[in-house]
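To start, the structure under review is shown below, and the notes come after it.
The values are calculated or read from the model by the stated rules, or taken from the named source; none is laboratory data. Quick caveat: nothing in here was measured; it's all calculated off a predicted structure. Cβ coordinates were reconstructed from backbone atoms using ideal geometry, including for glycine residues, and neighbour counts include every protein chain displayed. The area values use the complete protein model at the heavy-atom level, side chains included, leaving out ligands, DNA and RNA. Shrake-Rupley method; radii C 1.70, N 1.55, O 1.52, S 1.80 Å.
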Amino acid sequence: MKNYVAIAAASLLLFSCKKEFTPADENAISASVASNAAAGIVAEKATYWDSVFTRYGGGWTGGDVAVSYKLPDDRVVWIWGDSFLDTVYADRSRPIIGFIHNQVTTMNMQGGNFTTYYNGTKQNPLPFFPNAGQKYYWPNLIFMNQQKTQVYVFINKIKATGEGGAFGFKVLGVDVAILNYPDLTIKEIKPFSTGDAINWVGGAWEGDDGYIYIYGAESTKYNKFAHVCRTPYNNPLSTVSYYNGSTWTATADRNGRLLGGLSENFSFFKYQGKYYLLSQENLLGPNIYLYDAASPTGPFTNKRLVYTTPAKVGSWNVITYNATAHPGFITADGKLLVGYCTNEIEKGTGIWRNADTYRPYFVWVSNWQ
């Protein structure tokens with residue numbers, strides 16, 4: 001049974017923690033970019049969007065990933081990894097129920113008509129993208145076909161290992177959920193890649209040259225590198241080609257590294273004729289950087305700091321991750337909405353005791369171009 005819970009407007013550790021902390025750039029792939037060309041960049045709290053995601057009950061009440069996509073009907077769909085559903089009490093604590101591995105929500109461009117999509121019942125909720133035995137899904141990127149008849153969601157297939165505490169999971173590969181538009185029902189889920197040599201959930205961009213560009217992260221002991229593949233916009237996944245550093249080929253390899261020092265998830269977009277990539281540094285670094293790109297394959301230059309995430313939510317110590325650009329919300333005067341996820345892990349119970357520690361927060365960034 002699928003549930004659509006409409007609300008009036010008013011994993012436990014994150015996917016980007018999949019690999020080791022990456023304090024160094026082992027191949028110095030980013031050495032050519034300026035350390036900070038950000039004079040004049042201003043970031044201010046997006047108070048209204050923070051309030052939209054301060055939920056109290058009836059549907060989605062917390063989660064991570066927080067990737068947005070503007071649909072043709074002016075709804076915005078948000079995809080979520082590990083998430084909470086149900087209730088938040090007046091003291092901002094929540095019951096030990098309603099935790100599922102993924103959800104989808106929609107809203108209008110103003111944050112109203114907030115709707116949660118999941119399976120099961122409110123008393124016994126199940127993920128929107130269903131578990132397959134002991135395997136479950138974390139969605140991470142989203143795009144549509146050129147005809148605007150289907151929505152494609154790339155989802156990590158995860159297996160719990162029972163070891164390593166919050167890191168006790170293994171990425172088995174990437175599947176693709178194809179959703180019908182406009183009702184967002186799941187048409188099918190099929191495999192895209194196996195293993196995690198390159199994890200194809202970094203981000204996606206619907207190009208203006210007949211291709212959709214799909215980005216992934218290669219994780220090494222001390223770094224994360226961006227890679228890119230592309231597929232026809234009018235018939236996604238009919239063929240896929242991979243950039244190897246100089247041309248497009250049928251298989252992916254390490255020579256296709258575009259940029260290092262990134263997080264597992266990042267954003268690539270185009271605005272007023274220029275290309276941009278936004279990423280949190282390394283794995284859990286607090287700094288969010290923006291790069292200019294000469295094309296979807298780079299080179300990437302003009303690295304500048306756009307925001308440093310806080311270490312606390314109220315009195316709670318948190319980690320921040322999954323910094324994401326939301327170009328669908330760029331304002332008339334050019335402000336860019338940037339979000340990041342938070343998680344309290346010191347004692348492992350903070351996300352139940354304080355719902356404000358496991359959810360996205362947002363800033364408006366000016367003069368970023």
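For Lys224, indicate whether it is more than 26 Å from Gln147 (Cβ to Cβ), within 18 Å of the chain's Cα centre (by Cα) and among the basic types (Lys, Arg).
Considered against the rule, which asks whether it is more than 26 Å from Gln147 (Cβ to Cβ), within 18 Å of the chain's Cα centre (by Cα) and among the basic types (Lys, Arg), Lys224 comes out as yes.
Please list, ordered by residue number, the strands (runs of 3 or more DSSP E) wholly in the stretch 125-223 having 3 or more residues that are open to solvent by 60 Å² or more (accessible area, probe 1.4 Å).
The strands (runs of 3 or more DSSP E) meeting that bar are 186-194.
Within the group Trp368, Trp352, Trp364, which residue is in a helix (DSSP H, G or I) and farther than 21 Å from Ile79 by Cβ?
Trp352
Report yes if Pro72 is within 27 Å of Ala323 (Cβ to Cβ), in a loop (DSSP other than H, G, I, E, B) and not β-branched (Val, Ile, Thr), otherwise no.
Yes.
Of all residues being touching a Lys or Arg at 6+ places or on another chain (Cβ under 9 Å) and more than 14 Å from Ala252 (Cα to Cα) in the stretch 224-237, which is surrounded by the fewest Cβ atoms within 10 Å (Cβ to Cβ)? Just the residue, please.
Among those that are touching a Lys or Arg at 6+ places or on another chain (Cβ under 9 Å) and more than 14 Å from Ala252 (Cα to Cα), it is Leu237.
Specify the residue that is farthest from Lys270 (Cα to Cα); the eligible residues are those in the stretch 331-347 that are of a type outside the set (Ser, Thr, Tyr) and open to solvent by less than 40 Å² (accessible area, probe 1.4 Å).
Here the residue is Glu344.
Just the residues that are open to solvent by less than 20 Å² (accessible area, probe 1.4 Å) and either farther than 14 Å from Ala226 by Cβ or not in a loop (DSSP other than H, G, I, E, B) (or both), please, taken from the stretch 293-312.
Within the stretch 293-312, Ala293, Phe300, Arg304, Val306, Thr309 qualify.
Select from the stretch 110-124 the residues that are assigned to a loop (DSSP other than H, G, I, E, B), open to solvent by 10 Å² or more (accessible area, probe 1.4 Å) and under 25 Å from Tyr321 (Cα atoms) and list them in ascending order.
Listed by number, the list holds a single entry, Gln110.
Across the stretch 331-344, which residue is farthest from Tyr215 (Cα to Cα) among those that are hydroxyl-bearing (Ser, Thr, Tyr) and part of a strand (DSSP E or B)?
This residue is Thr342.
Given the residues Leu283, Leu262, which is the only one that is at pLDDT below 95 and surrounded by 15 or more Cβ atoms within 10 Å (Cβ to Cβ)?
The match here is Leu283.
Anything in the stretch 295-330 that is touching a helix residue (DSSP H, G or I) at 6+ places or on another chain (Cβ under 6 Å) and closer than 24 Å to Ile212 by Cα? List them, or say none.
Of everything in the stretch 295-330, just one residue is touching a helix residue (DSSP H, G or I) at 6+ places or on another chain (Cβ under 6 Å) and closer than 24 Å to Ile212 by Cα, namely Asn322.
Filter the stretch 265-277 down to the residues that are assigned to a strand (DSSP E or B) and either hydroxyl-bearing (Ser, Thr, Tyr) or buried (at least 24 other Cβ atoms within 10 Å of the Cβ) (or both) and list them by number.
Once the filter is applied, which keeps residues that are assigned to a strand (DSSP E or B) and either hydroxyl-bearing (Ser, Thr, Tyr) or buried (at least 24 other Cβ atoms within 10 Å of the Cβ) (or both), the stretch 265-277 yields Ser267, Phe268, Tyr271, Tyr275, Tyr276, Leu277.
Here's a check for you: in the stretch 238-252, which residue that is open to solvent by 60 Å² or more (accessible area, probe 1.4 Å) and among the hydrophobic types (A, V, I, L, M, F, W, C) is farthest from Asp208 (Cα to Cα)?
Ala250
Restricting to the stretch 82-105, name every residue that is under 20 Å from the mean Cα position of the chain (by Cα) and either farther than 17 Å from Val151 by Cα or surrounded by fewer than 20 Cβ atoms within 10 Å (Cβ to Cβ) (or both).
If the condition is that a residue be under 20 Å from the mean Cα position of the chain (by Cα) and either farther than 17 Å from Val151 by Cα or surrounded by fewer than 20 Cβ atoms within 10 Å (Cβ to Cβ) (or both), then Asp82, Ser83, Phe84, Leu85, Phe99, Ile100, His101 are the ones that fit.
Looking at (1) open to solvent by 30 Å² or more (accessible area, probe 1.4 Å); (2) over 23 Å from Tyr69 (Cα atoms), find the lone condition where Gly350 falls short.
For Gly350, the exception is condition (1).
Working only within the stretch 314-330, note down all residues that are in a strand (DSSP E or B) and open to solvent by 20 Å² or more (accessible area, probe 1.4 Å).
Once the filter is applied, which keeps residues that are in a strand (DSSP E or B) and open to solvent by 20 Å² or more (accessible area, probe 1.4 Å), the stretch 314-330 yields Trp316, Asn317, Ile319.
Identify the single condition in (1) open to solvent by 50 Å² or more (accessible area, probe 1.4 Å); (2) in a loop (DSSP other than H, G, I, E, B); (3) modelled with pLDDT under 95 that Asn255 does not satisfy, given that it satisfies every other one.
(2)
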